[in-house]
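K.L.:
Can you read through this structure? Questions will come right after.
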Amino acid sequence: LFTTDVHCNFEDNIGYSGLAAYRDQMLERTPHVALVDCGDAIQGNYYGSISKGEYAVQLMNAVRYDYAAIGNHDFDYGMARLSEVIEQSSAQYLACNISYTGRGESALTGVQPYALKEYGDTTIAFLGVSTPESIVKSVPSYFMEDGEYVYDFHAGEEGARLTAKVQSTVDSAREAGAEYVVALTHLGDDVSSFPYTSSQLATKTHGNDLILDGHAHASIPCRTLENARGEEVLLSAAGTELSCIGQAVITANGLVSVGLVTDYAGRDEKIDALMQDIHAQSDAQRDAVVGTSATELPIAAGGVRLVRNRECALGNFVADAYRAISGAEIAIVNGGGIRAALPKGEVTFGDVLTLHPYGNTLCSVRATGAQILDALELGCRATLAQPSNGENAVGESGGFLQVSGLKYTIDTAVASTVLTDAAGMFTGVAGARRVKDVFVLQGGAYVPLQADKTYTVASHNYLMRDCGDGFTMFRDCEFVIGEGILDYQIIIDYIQNVLGGTIGSEYTAPQGRISVV
């Protein structure tokens, strides 16, 4: 049984209670049951933020996970905290492609590349693969010592280093006696993640029987691919927020199958009781009202997370908060850092913390117009003319920039010429630019942005100081605010002290700040 991208949504959909009940139901059929997670379990909403993953670990231990891969957001509380989580977890954490090159001790000493488990007379190997995008999709400075990267995810060479590392791990597991190899991957299969995708891993390696994937939040019951030797390998992904339970089966005669359990109503009394204890510890703080809203501020429409590829009212609201509280001329906020909608009516502390769960701090810098143009160019490199292909979202990027004090146009007819290094960090623009007609709000009117002029720009430490999502252009700027208030407090202060306690109807719809043509 496998899950992924739970993001601390303990009770949503099937929930951990349903998962525990289903696991016990399977144990009535066979003693040979494993429960594994493919990453991003300990971070994502109020419960994760307030406990720094503690509540997630308690529940996962109670549900009795056996193995877990490390997702990029599992690093979000820092290496020291992740090390504590791994120590507290009864599951064995797995990652074959993270190497420590520093002078001290790795925070991931409790992590193994793979593990062997005997089920009757059959030996199964479970191995973990973490996305090399972790460096830019968590906090880059977490992976550094004295300004140098000391955690190597085997990025580079168009994906060849990653597939080589995984292949050598598979070979080692086979040599150690594994009859089947199950890869727990946090890679996803989005175009924007290429070449570090699960399908690339499947087709460029051999010896994996099953690839159970996460990161993209996709629900993939079963996809059959050909590996590097032309043999069949099965790929599956179990969505997000416990919307389903992945189930892979190996029969006595060696038949391998995989699919998703999407409708299960069973409950586990022990997990329900533990969840009630967690509620008792945290709900009073979560439910404190911090303001009201005259309108709902959605994060998505039709399954498309608009904050990641279009201007949306929620993005405007968050960016406005950063600009107002910092006093900067311009504010930019990465869409991937805006995690949840805000409701119409009462807005609680929990709502705000779920919106902004990372604990980042307010920053502002003096940046040139040229640096701002580079940031916008990086942010829209994946954007497409349409946000959906009719069934699935396309062109999403966590680095897509919601803005305040700016207006700009993205010309999707121009292919992105953004250059990045092997770690995904911005290094320049090689040719034509997609971003056009950039205007800055000054004196109540929009005027053209000037490349050689200096502006004050606000965001948070993830983007400006730590180069999150690859935004390197601000790291050497002069900081006006080096380490300000926490991200959720920015939102609360904006609601209470700037908006007078009420988010107004001006945020009912986008305001025409970003045009996509």
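K.L.:
Checking the condition within 24 Å of the chain's Cα centre (by Cα), more than 18 Å from THR354 (Cβ to Cβ) and either part of a strand (DSSP E or B) or not β-branched (Val, Ile, Thr) (or both), which residue from LEU274, LEU260 passes?
P.N.:
LEU260
K.L.:
Also: Would you confirm, using the coordinates I've provided, whether GLU396 is open to solvent by less than 30 Å² (accessible area, probe 1.4 Å), more than 19 Å from GLU329 (Cβ to Cβ) and either among the charged types (D, E, K, R) or assigned to a strand (DSSP E or B) (or both)?
P.N.:
Answer is no for this residue.
K.L.:
A further question on this structure: Quick test of your reading of the structure: ALA423 fulfils all but one of (1) within 16 Å of GLY336 (Cα to Cα); (2) modelled with pLDDT under 95; (3) among the small types (Gly, Ala, Ser). Name the failing condition by number.
P.N.:
(1)
K.L.:
Evaluate region 396-412: report whether one residue or more is out of contact with any helix residue (DSSP H, G or I) (no Cβ under 7 Å at 6 or more places or on another chain) and farther than 30 Å from PRO195 by Cα.
P.N.:
yes
K.L.:
Counting only residues that are under 13 Å from LEU297 (Cβ atoms) and open to solvent by 20 Å² or more (accessible area, probe 1.4 Å), how many does region 481-501 have?
P.N.:
Selection size over region 481-501: 1.
K.L.:
Residues of region 136-166 being assigned to a helix (DSSP H, G or I) and either in contact with a Lys or Arg (Cβ under 8 Å, 6 or more places away or on another chain) or surrounded by fewer than 14 Cβ atoms within 10 Å (Cβ to Cβ) (or both), which ones? Show your work before the answer.
P.N.:
Initially, region 136-166 is screened for residues assigned to a helix (DSSP H, G or I), giving 136-137, 140-143, 157-166.
Matches in region 136-166: SER141, GLU157, GLU158, GLY159, ALA160, THR163.
K.L.:
Something else: Would you mention how many residues in region 254-282 are open to solvent by less than 30 Å² (accessible area, probe 1.4 Å) and at pLDDT below 90?
P.N.:
Going through region 254-282 one residue at a time, the tally reaches 1.
K.L.:
In region 58-113, how many are among the β-branched types (Val, Ile, Thr), open to solvent by 10 Å² or more (accessible area, probe 1.4 Å) and touching a residue at least 40 places away in the same chain (Cβ under 8 Å)?
P.N.:
3
K.L.:
Let me ask you something else. For region 399-426, enumerate the residues that are within 25 Å of GLN450 (Cβ to Cβ) and either outside any loop (DSSP other than H, G, I, E, B) or in contact with a His (Cβ under 9 Å, 6 or more places away or on another chain) (or both).
P.N.:
Scanning region 399-426 gives LEU401, GLN402, VAL403, SER404, LEU406, LYS407, TYR408, THR409, ILE410, VAL418, LEU419, PHE426.
K.L.:
Quick check: is even one residue across region 184-196 within 22 Å of GLY398 (Cβ to Cβ), part of a helix (DSSP H, G or I) and not hydroxyl-bearing (Ser, Thr, Tyr)?
P.N.:
yes
K.L.:
Turning to a different aspect of this structure: For a quick check of your reading of the model, give me the residue pairs whose first member lies in region 347-373 and is farther than 15 Å from SER326 by Cα and open to solvent by 20 Å² or more (accessible area, probe 1.4 Å), whose second is part of a helix (DSSP H, G or I) and hydroxyl-bearing (Ser, Thr, Tyr), with beta-carbon atoms closer than 7 Å and at least 6 apart or on different chains.
P.N.:
Once the first residue is farther than 15 Å from SER326 by Cα and open to solvent by 20 Å² or more (accessible area, probe 1.4 Å) and sits in region 347-373, its partners that are part of a helix (DSSP H, G or I) and hydroxyl-bearing (Ser, Thr, Tyr) give THR354/TYR46; TYR358/TYR462; GLY359/SER49.
K.L.:
Would you pick out the residues in region 321-344 that are over 24 Å from GLU391 (Cβ atoms), part of a helix (DSSP H, G or I) and open to solvent by less than 20 Å² (accessible area, probe 1.4 Å)?
P.N.:
Within region 321-344, ALA321, TYR322, GLY337 qualify.
The values are calculated or read from the model by the stated rules, or taken from the named source; none is laboratory data. This one's a predicted model, so the numbers in the text were calculated from it and none came from an experiment. Counting neighbours? That spans all protein chains shown, and the Cβs are built from the backbone with ideal geometry, glycine included. Ligands, DNA and RNA are stripped out before the accessible areas are found, and what is left, the full protein with its side chains, is counted by its heavy atoms. Shrake-Rupley method; radii C 1.70, N 1.55, O 1.52, S 1.80 Å.
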